[in-house]
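K.L.:
This is the structure I have questions about; it appears just below.
The values are calculated or read from the model by the stated rules, or taken from the named source; none is laboratory data. Every value quoted in this text rests on a predicted model; they were computed, and no experiment measured them. All Cβ positions, glycine included, derive from the backbone under ideal geometry; neighbour counts span all protein chains shown.
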Amino acid sequence: METTTNILYLFGGVVAVLSALTVVGEALRGRVAPGRSNPVVQTFLTRLMSWWIMVILFTITALLGPIALMLLFAFASFAALREFLTFTDKRQADHLSLALAFFVILPLQYVFVGFDLTGLFTVFIPVYAFLLLPIVSALRGDHNRFLARVAETQWALMICVYCISHVPALLNTKPEGDSGQTVLLIVFFVMVVQIGDLMEYFAGRRFGRRQIAPTLSPKTLEGMVTGIACAAATGAILSWITPFGIGAAAAMAALASVTGMFGNLVFAAIKRDKGVKDWSHLIPGQGGFLDQLDSVIFAAPVFYHVTLLMSG
């Protein structure tokens, strides 16, 4: 009951923040000359609209409990894996490997997470799946671009299934013996990463000057510093829903934010390599699941393992 109350309090707080940001965005759009548009403001408002949808969906799922959260992230992994593999080089010899990836390896990974089989969940994909899939493809006898095909499938499993599964794996950390607290820890993690991303984008486009990787992304040093600072401040404010103190919660939020931002940069490099702007058009103006989860994907394993170290 206490967890449900805290989730509702958080929902109210996020709604207030999103409402304030929406007012700011609309005010900035109102300052644009008639007949013209500011792409930065438009994208900012579009991201806010996506946030409204995601916050409502995520809140409902969190209220339904751990099983619903597990199913949500399993579905996210499936959708992300589908998006990623759409842009990879595949041949008929890889069809069985792909079927195993979607319908055997992915569900097994979440079964291991669901039953708290940490020993299996942490090595299943990076060891056993990585060894199995090349064997399956090799048995089909097609050596054309074999290494590239296998590596792309392995990388897809690593980021779309292995990394994402670390988010619901936080349910198994059970800090201080309170299983309800772990649901709030997932809420905390997702919020600080996404708020850091949102503020990095807005600040970087408004007053950012020094680009981090000009050939890959418009991400700037000023934007990143602002985003990390906002994530840390959010972490400190939300420390009451975590097993950490105020300082530790701010540090964990900053760590998750900076890791996520570099993950975003890696995905920008992959998209440049593949010649695509968005992974899909599922979310109007915001691309697909991978476009929304790129920061969460990189930050999740780091946040999970540091949480284990701190709670151990």
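K.L.:
What are the residues in the range 1-16 that are part of a helix (DSSP H, G or I) and either at pLDDT below 80 or touching a Cys at 6+ places or on another chain (Cβ under 8 Å) (or both), if any?
P.N.:
Passing the criteria: GLU2, THR3.
K.L.:
Collect the residues in the range 9-37 that are of a type in the set (Gly, Ala, Ser) and under 22 Å from the mean Cα position of the chain (by Cα), keeping them in residue-number order.
P.N.:
Selection gives GLY13 alone.
K.L.:
Would it be correct to say that ALA256 is at pLDDT 90 or above, in contact with a Phe, Trp or Tyr (Cβ under 8 Å, 6 or more places away or on another chain) and either among the β-branched types (Val, Ile, Thr) or within 22 Å of ILE7 (Cα to Cα) (or both)? Steps first, please.
P.N.:
On the way: at pLDDT 90 or above: yes; in contact with a Phe, Trp or Tyr (Cβ under 8 Å, 6 or more places away or on another chain): yes; either among the β-branched types (Val, Ile, Thr) or within 22 Å of ILE7 (Cα to Cα) (or both): yes.
Yes.
K.L.:
Considering every residue within the range 197-209, establish whether at least one is in a loop (DSSP other than H, G, I, E, B), among the charged types (D, E, K, R), in contact (Cβ under 8 Å) with a residue 40 or more places away in the chain and crowded, with 18+ Cβ neighbours inside 10 Å.
P.N.:
no
K.L.:
Follow-up. Taking the range 210-227 on its own, how many of its residues are assigned to a helix (DSSP H, G or I) and surrounded by fewer than 19 Cβ atoms within 10 Å (Cβ to Cβ)? Explain how you work it out, then say what you get.
P.N.:
Initial filter on the range 210-227 (assigned to a helix (DSSP H, G or I)): 221-227.
Checking which are surrounded by fewer than 19 Cβ atoms within 10 Å (Cβ to Cβ) leaves us with 221-222, 225.
Count: 3.
K.L.:
Looking at the range 89-103, which of its residues are loosely packed, with under 13 Cβ neighbours inside 10 Å and touching a Leu at 6+ places or on another chain (Cβ under 9 Å)?
P.N.:
None; the set is empty.
Yes/no matrix, rows are residues, columns are (1) in contact with a Cys (Cβ under 8 Å, 6 or more places away or on another chain); (2) farther than 19 Å from LEU293 by Cβ; (3) surrounded by fewer than 23 Cβ atoms within 10 Å (Cβ to Cβ); (4) not small (Gly, Ala, Ser):
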residue	(1), (2), (3), (4)
ALA229	no, yes, yes, no
ILE237	no, yes, yes, yes
TRP240	no, yes, yes, yes
PHE262	no, no, yes, yes
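K.L.:
Continuing with this model, one more query. Starting from residues that are under 24 Å from LEU139 (Cβ atoms) and of a type in the set (S, T, N, Q), keep the ones in the range 76-117 and report whichever is modelled with the lowest pLDDT.
P.N.:
THR88
K.L.:
Kindly state which helices (runs of 4 or more DSSP H) lie completely within the range 66-141 and contain at least 3 residues that are more than 15 Å from LEU171 (Cβ to Cβ).
P.N.:
66-86, 95-100, 106-114, 130-138
The rows are residues; the columns are (1) at pLDDT below 85; (2) touching a Phe, Trp or Tyr at 6+ places or on another chain (Cβ under 6 Å); (3) among the small types (Gly, Ala, Ser).
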site: ASN38; (1), (2), (3): yes, no, no
site: LEU48; (1), (2), (3): yes, no, no
site: THR61; (1), (2), (3): no, no, no
site: ALA74; (1), (2), (3): no, yes, yes
